[in-house]
Structure formats: C-alpha cells, structure tokens
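K.L.:
Structure provided below as structure tokens; questions to follow.
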Amino acid sequence: MMTPLQIYKVKVKETHCTVTDLLHNAQYELWVTATNTTGISPASEKALYMTVPSPPAIKQRECSSCPEAALIRWESGNTNPVDSYIVELSETGTVGAESNITESIVAVPTCQCLIQLQAGRQYLISVRAVNIGGPSDRSDAITISTTGTFFYLLEDTAHPCLSMSEDGFTIFYGDEELPITAMAFEDNTFTRCVAILGDLIPVRGRHYWEVEVDDETEFRVGVAYEDTERDGYLGANGSSWCMRHIRTPSRHKYEFLHNGWSPDLRITVHPVRIGVALDYDRGTLSFFNANLEQHLHTFHCRFHNYVHPCFSLDNPGALTVHNGIQAPDYTFI
Amino acid sequence: MALTQVSSNKCAGGFQKVFEHDSTELKCKMKFAIYLPPKAETDKCPVLYWLSGLTCTEQNFITKAGSQLAAAEHGIIIVAPDTSPRGCNIEGEDESWDFGTGAGFYVNATQDPWKTNYRMYSYVTEELPKLINANFSTDPDRMSISGHSMGGHGALICALKNPGKYKVTSCRVCVRPHLRPVRLGGGSPSAYDATVLAASYSGPQLDILIDQGRDDQFLSASQLLPDNLIAVCSEKKIPVVFRLQPGYDHSYFFIYSFINDHIKHHAKYLNA
C-alpha cells in the first residue's frame with residue numbers, strides 16, 4: 001500500500017472544498033477537522049480517493065500493421081502500476097465513404113494489443129490507462145493504414161556497422177572502419193553478418209514488402225525466426241531464409257539460401273527492386289523482380305513460428321525497405 | 001478449315017481432345033491435341049502453345065506431362081501440335097530419329113525436297129493459331145508458348161521472331177540449333193538460332209523461364225549450350241530465370257516435375 005508522503009492542509013470557511021492539482025494514479029486520504037477558538041476537533045472519518053492514471057504514450061516505432069490487424073505498443077505513462085488499458089479506434093473513412101465507427105477494447109492487461117482490422121482502411125487508435133478511479137485521458141492517437149504490411153526495423157538488433165536513416169527505412173554499411181570501442185555488441189545484435197531484423201509479423205495470412213538496392217550492393221534479404229543465431233549469417237542456418245546477391249567483376253550471382261544450401265540458378269536482369277511475398281498459410285516465401293513483375297524463386301517452408309523480415313549488407317552500400325504497399329496480384333497466384 | 005475430332009477424354013474437370021485437319025502450310029493431314037479447361041465452357045480462355053521434342057507426337061505431352069490439373073486451375077487452354085508433317089513420302093524422312101519425321105525443328109525449310117512440307121514455323125505461328133481461334137473459345141490476344149528440348153528451342157525462336165505475339169515463354173531444355181536444320185535449309189543457321197535471335201531482339205519485354213536437368217545426357221554431351229543463351233540475354237537485358245535442377249534428366253519425368261511452375265509462370269501474364 002502507498003505510504004502517505006505528505007500531508008496537505010487547506011483552510012476553508014465553507015462546508016465544502018475542491019481539491020486540485022492532485023497527482024495522477026495516486027491514492028489520497030481526505031479528512032476534515034473543525035477549528036474554533038478553543039482548538040481543533042478530532043479528525044472526521046477518512047475518505048479514500050484514487051485519481052485516474054496519466055494517459056499512456058503510444059510507441060510509434062514499435063507499432064506494426066498488416067491488412068487485417070495492427071500491433072500497438074505503448075508506455076504506461078505511470079510510474080505505479082495501473083489495472084488495465086482501453087484501446088479505442090475509429091475509422092477515418094475509406095475512399096468515397098464517410099464513416100466513423102468507434103470501437104473499444106477493454107481490460108487489456110499489458111502494454112500491447114493486437115487488434116483485428118479490415119483491409120484497405122485507415123484508423124485512428126488511442127489508448128487509455130484504467131485504475132479503480134476510472135480511465136485516463138486518451139493518449140495521442142496513432143494513424144494506422146491497413147494497406148499492405150507495415151513494420152519498422154529493430155535498431156537493437158542492428159550490427160554496429162549498420163547505421164539507419166532518420167525515417168528508419170534505409171540502412172547503410174559504411175566504408176570506414178569502426179574503432180573497436182564502437183563495436184559494442186548488445187545481447188540482441190548481429191555480430192558477424194552485418195544484419196538487422198524488422199519487427200515481428202505476428203499475423204497469419206499474406207504479407208508483402210519491397211527492398212530497393214543498387215547494381216553493386218551485395219545483400220541478403222528474407223525472413224528469420226526471432227531466435228535466429230546472432231553470430232550466424234542469414235541463410236546459413238535453419239532459422240533464416242534469404243535471397244543473396246554476390247557481385248563479381250564480370251557478373252551478378254544469386255543464391256536463395258536456407259540451411260546453407262541454394263538451388264543453382266541464373267538471373268539475367270539484375271533486380272534493383274525486390275518484392276518479398278510471405279504466405280504463412282501456404283508456407284511459402286517468394287522473391288520477385290518488382291520492376292519487371294518477374295518471379296525469381298519460391299521457398300516452400302512450414303513456418304512453425306512467426307518470423308521477422310531480415311536484411312543484411314555484405315559489402316559497403318545501402319538498401320531501402322518499402323512497405324505498407326498493397327501486394328500486386330501476381331505475387332500470390 | 002474443317003476439324004475432325006479424333007478423341008475426347010474428360011480430364012481434371014475439362015476435356016483433353018485430339019483433332020485432325022488438312023494443313024495448308026504442311027500440305028498433309030495434321031493432328032493436334034487441345035486441353036479445354038472447365039472455364040472454357042463459359043468464358044474465352046487464353047492459350048498456351050506447347051511444342052514437343054524430337055520423336056514426339058501430339059500424344060506424349062498430353063499423356064505424360066500432367067499439365068491438365070494446373071491448366072484447369074488457371075483456366076488456360078493448352079494446344080500441343082505434332083512435331084513434323086507426316087506421311088509426305090519424302091525420301092530419307094524416316095532415316096534418322098533427329099531429322100525428318102518427328103523432327104521438324106519448328107523452322108521453314110528452304111531446300112528441296114523438304115521445303116514444300118517442312119514449314120513447321122509457319123504452321124505453329126500462323127496457321128494453327130488462326131485455326132484454334134476460329135474453332136474454340138479463345139481470347140486471341142492472350143497466347144504464350146512453351147516447349148521441351150527441340151520444342152523448347154522452338155518456343156524461344158517463335159517468341160524472339162515475333163515480338164509482342166506471345167505474352168511469355170518458357171521451356172524445359174532448349175536444344176542448340178543442330179546441324180540438322182541446316183540440312184533442312186532453314187535459311188542461314190542464324191535465322192533460327194535462339195542465341196543469335198536474342199542478340200538482335202528488340203521488342204516488348206519478355207519473361208523467360210528455363211528449367212534444365214543437371215543429369216541430362218544432352219547437357220553433358222554439349223548438345224545444349226545454355227551458357228551462350230544466358231550470356232546474350234544478360235547482355236541484352238532479356239529477363240530470364242534459368243534453373244539447373246539436380247538429379248533430373250531429359251525425360252517426361254522431368255517435365256512432369258516442373259510443369260506446374262511453368263503453367264503458373266504463364267498464368268501470371270495470361271490471366272493478368
């Protein structure tokens with residue numbers, strides 16, 4: 001139970017008093033004494049009052065979405081625990097239609113919520129914290145669009161040699177050698193492969209995103225389980241699948257790697273915009289030259305867990321992730 | 001252009017039929033196989049032309065390749081012609097397995113005594129499509145071409161020599177232009193050489209899928225030269241995905257194993 005930190009006194013002449021400037025999410029005891037020239041009366045019975053919590057703060061860069069759902073994460077906004085959260089959403093209207101449906105999801109126990117939505121719409125989502133005193137004000141809202149699959153890159157998984165653009169969608173592998181002190185590896189970072197994971201895609205069904213590269217950059221793009229070896233190379237183990245581009249002086253080479261094995265193939269036109277299509281239900285991961293609508297390769301794999309998109313640069317260069325895009329028809333024939 | 005139905009079998013919800021007709025290009029009776037998917041009963045369907053390899057007739061593909069399920073799923077008509085004119089009584093036409101009967105090479109011969117009948121290129125690219133479009137529920141603007149071995153090469157040359165006619169092409173194994181077509185006299189050897197044609201191709205973008213069995217005896221005997229074709233297509237930026245399939249040979253078991261991938265490849269464009 002809370003220890004009273006301080007006693008506030010307010011002197012009034014009326015038989016009522018409004019108490020303001022209370023802290024959020026705090027329990028107060030209130031009592032009254034009467035005073036006359038002789039002295040102060042004993043205290044009245046104590047009234048207990050719980051103030052509502054502070055509003056939470058949605059963590060924009062930790063939210064992701066796909067055509068049928070959104071994963072929203074937030075900070076509680078309160079030092080002390082609250083009882084639960086309410087997630088509120090309203091549709092901002094599809095093309096042509098004007099609708100403002102409001103939906104509330106109550107009794108959310110933790111600071112994240114996977115919400116079922118409808119494809120091709122736009123929503124405003126906000127969160128309130130709840131305690132016995134009632135619900136807080138609404139948090140600042142986040143706009144979620146259910147066109148395509150949208151995710152941020154997880155900075156805490158990035159190899160130290162990778163840097164990121166401000167918008168968080170382009171990664172760079174610089175030419176300069178980092179001093180050893182800068183190569184501080186956290187628990188979650190890749191240590192050999194200059195790689196980074198995207199946020200988890202925790203919803204069944206189909207997902208599509210594109211990766212933009214240039215002619216010279218050697219890269220690996222694909223998907224990996226959350227527990228993929230951080231000291232391994234993408235595609236070299238059983239927990240990751242990727243398309244790999246190798247540049248030799250005379251030509252481009254391509255591998256589609258899983259467990260270190262790749263089929264033997266040749267691709268005559270180098271793809272600079274790669275479409276990646278993941279289908280959890282069918283168990284397929286396909287790669288396309290998105291500019292030519294050309295299918296390159298499909299892995300057939302029964303995913304036993306949800307996966308993260310993964311990206312790595314094998315030589316100095318850059319790649320840009322484009323997502324929140326509707327999957328072209330040809331990607332899921 | 002009268003067609004006589006030779007056979008009809010219900011297959012994968014549709015019908016596998018064989019027809020016979022008098023060919024004006026080849027000046028003989030020719031058979032062709034046609035698979036009509038269930039969708040053809042109510043809608044106009046796109047057409048995939050399949051060219052078979054040496055020694056085949058219109059029967060091999062329809063009985064061994066297992067294409068009908070995928071064709072039914074994607075609503076595609078598949079036409080498989082014979083591989084040469086038949087019964088023309090030309091001296092020497094039955095002497096070799098890789099020349100004459102069953103070995104038309106999909107060229108128009110220019111030398112006697114072959115040039116009257118051996119016009120498989122015109123048959124496949126002109127006469128047959130006209131015949132098919134006039135007699136079946138087809139969408140004449142959506143056709144593509146595929147083949148195996150001699151037919152794979154034939155598919156490539158038909159697509160390269162007719163920019164815009166075929167939406168996409170694919171093949172399993174493309175035999176390099178043999179010396180044989182020179183005997184048939186198909187103009188200069190380069191007129192029907194896929195590698196040469198690719199080097200001078202300028203037309204709408206193609207999308208070519210090639211599967212090659214790694215254990216194909218023709219590959220090891222240097223009868224197939226995929227590296228030349230790949231090099232030229234890389235140079236000319238003609239989109240090709242070439243897959244070397246370990247353990248697979250030259251047979252219809254190989255065709256059967258990848259036919260679904262190829263039909264899906266065609267469906268992407270034919271059904272767009």
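K.L.:
For the stretch A:57-146, what relative contact order do you get, as a whole percent, if you take Cα pairs closer than 8 Å and at least 6 residues apart? Before the final figure, lay out each step's value.
P.N.:
Details: 206 pairs, mean separation 31.5, N = 90.
Relative contact order of the stretch A:57-146: 35 percent.
K.L.:
For the stretch B:1-136, what class follows from the C-alpha gyration tensor (a ≥ b ≥ c being the square roots of its eigenvalues): rounded when a/c is under 1.5, otherwise prolate if a/b is larger than b/c, else oblate?
P.N.:
prolate
K.L.:
On a 1.4 Å probe surface of the protein chains, which of A:Trp74, B:Trp97 comes out largest in accessible area, and what is the full order?
P.N.:
Working: A:Trp74 5, B:Trp97 135 Å².
Sorted descending by solvent-accessible area, the residues read B:Trp97, A:Trp74.
K.L.:
Let me ask something additional. Under DSSP H, which helices of chain B have Cα atoms covering 15 Å or more of the helix axis and a Kyte-Doolittle average no less than -0.5? Walk me through the numbers on the way to the answer.
P.N.:
On the way: long enough: B:150-161 (16 Å, 0.98); B:252-270 (26 Å, -0.08).
Helix filter hits for chain B: B:150-161, B:252-270.
K.L.:
While we're here: Just to make sure I understand: if all protein chains stay in place, what is the order of A:Ile132, B:Ile62, B:Ile208, A:Ile7 by accessible area at 1.4 Å, largest first? Each step should come with its number before you reach the end.
P.N.:
Details: A:Ile132 135, B:Ile62 25, B:Ile208 5, A:Ile7 115 Å².
My answer, sorted largest first, is A:Ile132, A:Ile7, B:Ile62, B:Ile208.
K.L.:
Could you work out the helix-only [θ] at 222 nm for the protein assembly as shown, with each DSSP H run of four or more residues adding -39,500 (n - 2.57) and the total divided by the number of residues, to the nearest 500 deg cm²/dmol?
P.N.:
Details: 9 runs with 78 residues, N = 605.
So the helix-based figure for the protein assembly as shown works out to -3500 deg cm²/dmol.
K.L.:
Evaluate E = 1/(1 + (r/R0)^6) for A:Leu23 and A:Asn188, where r is the Cβ-Cβ distance and R0 equals 56 Å; express this FRET efficiency to the nearest 0.05.
P.N.:
Details: r = 35 Å, r/R0 = 0.63.
For R0 = 56 Å, the calculated efficiency reads 0.95.
K.L.:
Let me ask you something else. Using alpha carbons only, how many angstrom separate the centre of the stretch B:206-231 from the centre of the stretch B:9-41?
P.N.:
30
K.L.:
Averaged across B:252-265, how many Cβ atoms of other chains sit within 10 Å of each residue's Cβ atom?
P.N.:
Numbers: counts 0, 0, 0, 0, 0, 0, 0, 0, 0, 2, 0, 0, 4, 3.
Across B:252-265, the average partner-chain Cβ count within 10 Å equals 1.
K.L.:
Students sometimes get this wrong: rank A:Glu255, A:Glu166 by accessible area, probe 1.4 Å, all chains present, largest first. Write down the numbers at each step before the final one.
P.N.:
Details: A:Glu255 45, A:Glu166 170 Å².
Ranked list, largest accessible area first: A:Glu166, A:Glu255.
K.L.:
Also, I was wondering about something else. If R0 is 41 Å, what FRET efficiency do you get for A:Asn36 and A:Asp137 from their C-beta distance, rounded to 0.05?
P.N.:
On the way: r = 42 Å, r/R0 = 1.02.
Once the sixth-power term is evaluated, E becomes 0.45.
K.L.:
Carbon and sulfur: what percent of chain A's accessible surface (1.4 Å probe)? Numbers along the way, then the final one.
P.N.:
Details: 8960 of 17870 Å².
C and S fraction of accessible area: 50 percent.
K.L.:
Further question: Using a 1.4 Å probe on protein heavy atoms, which residues of the stretch A:295-333 have at least 50 Å² less accessible area in the complex than alone?
P.N.:
For the stretch A:295-333, once contacts with the other chains are taken into account, A:Ile333 lose 50 Å² or more.
K.L.:
For the interface of A with B, what's the total buried accessible surface in square angstrom, probe 1.4 angstrom, rounded to the nearest hundred?
P.N.:
Details: alone 18650 and 11510 Å², together 28670 Å².
Answer for the A-B pair: about 1500 Å² buried.
K.L.:
Moving on to the next point. Looking at the calculated P(r) for the protein assembly as shown, what percent of the C-alpha pair distances fall above 36 Å? Spell out each step's value before the answer.
P.N.:
Details: 95691 of 182710 pairs.
Taking all Cα-Cα pairs of the protein assembly as shown, the fraction more than 36 Å apart is 52 percent.
K.L.:
On to the next question. May I ask you to work out the translational diffusion coefficient for chain A at 37 °C, viscosity 0.692 mPa s, via Stokes-Einstein with Rh from the Kirkwood sum over Cα pairs, reported in whole µm²/s? Please list the in-between numbers first.
P.N.:
Values: Rh = 23.3 Å.
So the translational diffusion coefficient is about 141 µm²/s.
K.L.:
Take the stretch A:153-322, compute every pairwise Cα distance, and split them into 10 Å bins from 0; I just need the percent in each bin.
P.N.:
10, 41, 37, 10, 1
K.L.:
Right, something else. Considering the stretch A:28-117, what Rg and Dmax in Å follow from its alpha-carbon atoms?
P.N.:
Both quantities, over Cα of the stretch A:28-117: 22.3, 75 Å.
K.L.:
Expressed as a whole percentage, what fraction of the accessible surface of the stretch B:4-271 belongs to carbon and sulfur atoms when a 1.4 Å probe is rolled over the protein heavy atoms? Numbers along the way, then the final one.
P.N.:
Working: 5120 of 10440 Å².
Solvent-exposed carbon and sulfur of the stretch B:4-271 make up 49 percent of the total.
K.L.:
Which value results for Rg/Rh of the stretch A:111-194 when Rg is the Cα radius of gyration and Rh the Kirkwood radius based on the inverse mean 1/r? Display every interim value, and only then the final one.
P.N.:
Working: Rg = 19.0 Å, Rh = 16.7 Å.
Result for the stretch A:111-194 is an Rg/Rh of 1.14.
K.L.:
Not counting ligands, DNA or RNA, and with a 1.4 Å probe, what is B:Glu235's accessible surface area in Å² rounded to the nearest 10?
P.N.:
Approximately 140 Å² of B:Glu235 is accessible to the 1.4 Å probe.
K.L.:
As a test question: what accessible area, to the nearest 10 Å², does B:Leu244 have when a 1.4 Å probe is rolled over all protein chains in place?
P.N.:
30
K.L.:
Ok, one more. Could you state the number of Å between the C-alpha centres of the stretch A:174-222 and the stretch B:232-251?
P.N.:
30
K.L.:
When a/c is below 1.5 the answer is rounded, else prolate if a/b is larger than b/c, else oblate, so apply that to the stretch B:68-131 with a ≥ b ≥ c taken from the square roots of the Cα gyration tensor eigenvalues. Walk me through the numbers before you get to the answer.
P.N.:
Numbers: a/c = 3.43, a/b = 2.03, b/c = 1.69.
Taking the square roots of the gyration eigenvalues as a ≥ b ≥ c, the stretch B:68-131 is prolate.
K.L.:
Which lysines have a Cα less than 16 Å from the Cα of A:Lys46, not counting those fewer than 8 places away in the same chain?
P.N.:
Once the sequence-local lysines are set aside, what remains near A:Lys46 is A:Lys9.
K.L.:
Let me ask something additional. Would you mind working out the accessible area per residue for the protein assembly as shown, using a 1.4 Å probe, and quoting it in Å²? Display every interim value, and only then the final one.
P.N.:
Details: 28670 Å² over 605 residues.
Ligands and nucleic acids excluded, the result is 47 Å² per residue.
K.L.:
Mean-square fluctuation check for chain A, GNM, Cα pairs under 10 Å: which of A:Tyr85, A:Tyr123, A:Tyr49 is largest?
P.N.:
So, out of A:Tyr85, A:Tyr123, A:Tyr49, the one fluctuating most is A:Tyr49.
K.L.:
Along its principal axes, what span do the Cα atoms of the stretch B:4-271 show, with the longest given first and each in whole Å?
P.N.:
Largest first, the stretch B:4-271 extends 45, 42, 35 Å along its Cα principal axes.
K.L.:
Related question: Strictly over 21 Å apart at the Cα level, which of B:Lys10/B:Lys167; B:Lys64/B:Lys165; B:Lys10/B:Lys64; B:Lys17/B:Lys165; B:Lys167/B:Lys237 would you flag in this model?
P.N.:
Numbers: B:Lys10/B:Lys167 28 Å; B:Lys64/B:Lys165 28 Å; B:Lys10/B:Lys64 16 Å; B:Lys17/B:Lys165 25 Å; B:Lys167/B:Lys237 17 Å.
Pairs exceeding the cut-off: B:Lys10/B:Lys167; B:Lys64/B:Lys165; B:Lys17/B:Lys165.
K.L.:
Next question. In square angstrom, rounded to the nearest 10, how much accessible surface does A:Trp261 have for a 1.4 Å probe?
P.N.:
150
K.L.:
Output the antiparallel fraction of DSSP beta bridges having both residues in the stretch B:4-271, as a percent to the nearest 5. The partial results should precede the final answer.
P.N.:
Details: 23 of 47 bridges.
Counting only bridges with both partners in the stretch B:4-271, antiparallel ones make up about 50 percent.
The values are calculated or read from the model by the stated rules, or taken from the named source; none is laboratory data. Being a predicted model, the structure only gives us computed values, none of them experimental. Neighbour counts run over all protein chains shown; Cβ positions are idealised from the backbone, glycine included. Each accessible area value is taken on the protein alone, full model and side chains, heavy atoms only, with ligands, DNA and RNA left out. Shrake-Rupley method; radii C 1.70, N 1.55, O 1.52, S 1.80 Å.
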